[in-house]
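A short worksheet on the structure shown next.
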Amino acid sequence: MTSGPYNHPAPGAGSPQWTPDGGTLIFSANRQTDWEHQLRNTEIHEVSVSARAIKTLTSRFGPDSNPVISPDGGKIAYLGYDDHYEGYQRTRLYVMNRGGGEPRELGNLDRDIANPIWSADSKGVFFQYDDQGDTKVAYIGLSGKIEDLAGHLGGSTLGRPYGRGSFSAAGTSRFAYTWSDPRHPGEVAVGKRDTPGTKILTALNDDLLGHKTLGDVEEIWHESSFDKRKIQGWIVKPPDFDPSKKYLFILEIHGGPRANYGPRFTAEIQLYAAAGYVVLYPNPRGSTSYGSQFAKLIDPAYPSQDHDDLMSGVDLMLTTRIRRPRASFHHRRQRRRTPLELGYR
C-alpha cells in the first residue's frame, strides 16, 4: 500500500485504521523530505486500497498520531501537539472531518491524553490519562464535556509503579480495563458510563499473593524546601511493620524524567520492603500527571530543584515517626487503604 524511504506508520504513532467501507486505510507517518532531522513531524494520511494513492490530511508542524475513524466514517480523532522544541509538550486530543480540514481540540484537558476510542454512535471518544499518579478512563463528547469513568488502570508493568494500563470500549457506554492497586497486579474490570462503580472480573493472582503479607503503601504530600510546592509520594513499609523499631530507608527515584509513579503494584519495591526497608517513591517536579506547568519546571534546568523536592521527602522521613496502620487489608476485594498517620517528634 505504501512505498518510499519512510516508516508507515511512524514509530509509536498507532496502527493503521480501516475506514468503515473497507476501501481506505488511515495512518500516521513522516513523509517529509527532511524526516531524518524532524522525527516528530508526522501527519495523518489515507491510502486507497484500490488505487494506492496517498492523501495527506493534516499539515501543522508537530506530531499527528494515533488516528481513529468514527464508526459512521465522518470524523477522525487523533493525538498530537504543535512542536515548539520544548522538553515537555502536552499531548492533546483532536477531531477533524473525514476529508481533512481544520481540526479542533476536544476538552483542553491539562493532562496527556492516550488511546482514543470512538463510541459506537460516533458522538464521543473514550480515552485514558494520568492524574496525580493515577491512570484513569474517561469519555469526552463532541461538545467537549469530560466524564471520568474509572481509576486505577495498571498492571502492564510489574517492576516499578509507572503509569501504564490499557482499556477497550464497546457500544456507547461499556468499557473494560486493566485494574491494579498496590496489592494487586493487573486484573480485568468492567464498567458502564451510566452506572456508578466498576466490577473486577478476574482473580488471576490470588494463588500467588493470597497467602502473602505485602508491605502497606500509603500516600503522602510534602512541601519542597525550594518553593513550598506540594510534592506527592508513596511510602511502602515492611510487612508486619513495627513503629517502635528503626528501619533502613530507600529513596526510589523514577526515570524519564517525564513519567510518573503512582499507587500501583510494584514487585521491586515490595521486595525492598520484604527485605526490611522503608521505601519512599515520589513524583518530583518534571513528572507528568500534574499539568504542563509542573512538568515544565525543570526546563531548561535538569537536574535542579527536583533534587530539593526529593531531599525534602527524605528530610520528612528522617523527622517523622510512622505509626502502624489501624487495620490490615489482605482480601483482594478490599480496595480502601488506611491513611498514613504522621507524628512529629
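Annotation note: of THR157, THR172, THR135, the sole residue that is surrounded by fewer than 19 Cβ atoms within 10 Å (Cβ to Cβ), at pLDDT 95 or above, of a type in the set (Val, Ile, Thr) and out of contact with any helix residue (DSSP H, G or I) (no Cβ under 7 Å at 6 or more places or on another chain) is THR172. Within the range 36-92, the set of residues being more than 28 Å from ILE298 (Cα to Cα), crowded, with 20+ Cβ neighbours inside 10 Å and over 21 Å from the mean Cα position of the chain (by Cα) comprises GLU43, ILE44, HIS45, GLU46, LEU57, THR58, ILE69, SER70, ILE76. Consider ARG264 carefully, then state whether it is under 17 Å from the mean Cα position of the chain (by Cα), surrounded by 21 or more Cβ atoms within 10 Å (Cβ to Cβ) and not hydroxyl-bearing (Ser, Thr, Tyr). In short, yes.
Residues that are over 19 Å from GLY155 (Cα atoms), touching a residue at least 40 places away in the same chain (Cβ under 8 Å) and in a strand (DSSP E or B) are absent from the range 194-206 altogether.
Restricted to strands (runs of 3 or more DSSP E) entirely inside the range 13-69, those with at least 2 residues that are free of Cβ contacts under 8 Å to residues at least 24 places away in the same chain and in contact with a Ser or Thr (Cβ under 9 Å, 6 or more places away or on another chain) are 43-48. Scanning the range 158-174 for residues that are outside any strand (DSSP E or B) and either free of Cβ contacts under 8 Å to residues at least 24 places away in the same chain or among the small types (Gly, Ala, Ser) (or both) returns GLY159, GLY163, GLY165, SER166, GLY171, SER173. Restricting attention to the range 101-114, does a residue exist that is of a type in the set (Asp, Glu), within 15 Å of the chain's Cα centre (by Cα) and buried (at least 16 other Cβ atoms within 10 Å of the Cβ)? So far as the range 101-114 goes, yes, one or more of its residues are of a type in the set (Asp, Glu), within 15 Å of the chain's Cα centre (by Cα) and buried (at least 16 other Cβ atoms within 10 Å of the Cβ). Can you confirm whether the range 191-213 contains a residue that is modelled with pLDDT of 95 or more and buried (at least 21 other Cβ atoms within 10 Å of the Cβ)? Among the residues of the range 191-213, not one is modelled with pLDDT of 95 or more and buried (at least 21 other Cβ atoms within 10 Å of the Cβ), which makes the answer no. The criterion of being in a strand (DSSP E or B) and touching a Lys or Arg at 6+ places or on another chain (Cβ under 6 Å) does not hold for TYR177. Restricting THR33, THR2 to those that are in the same structural domain as GLU102 (by TED's automatic domain parsing), over 30 Å from PHE294 (Cα atoms) and either modelled with pLDDT under 90 or out of contact with any helix residue (DSSP H, G or I) (no Cβ under 6 Å at 6 or more places or on another chain) (or both) reduces the list to THR33.
Could you tell me which residue of the range 216-233 is farthest from LEU316 (Cα to Cα), considering only residues that are in contact with an Asp or Glu (Cβ under 6 Å, 6 or more places away or on another chain) and outside any strand (DSSP E or B)? Restricting to residues being in contact with an Asp or Glu (Cβ under 6 Å, 6 or more places away or on another chain) and outside any strand (DSSP E or B), the top hit is PHE226. Taking GLU86 as the residue in question, decide whether it is in a loop (DSSP other than H, G, I, E, B), touching a residue at least 40 places away in the same chain (Cβ under 8 Å) and of a type in the set (D, E, K, R). Against the criterion (in a loop (DSSP other than H, G, I, E, B), touching a residue at least 40 places away in the same chain (Cβ under 8 Å) and of a type in the set (D, E, K, R)), GLU86 qualifies.
The values are calculated or read from the model by the stated rules, or taken from the named source; none is laboratory data. Just so it is clear, the model here is predicted, and its values are computed rather than measured. Quick reminder, even Gly has a Cβ in these numbers, built from the backbone with ideal geometry, and neighbours come from all protein chains shown.
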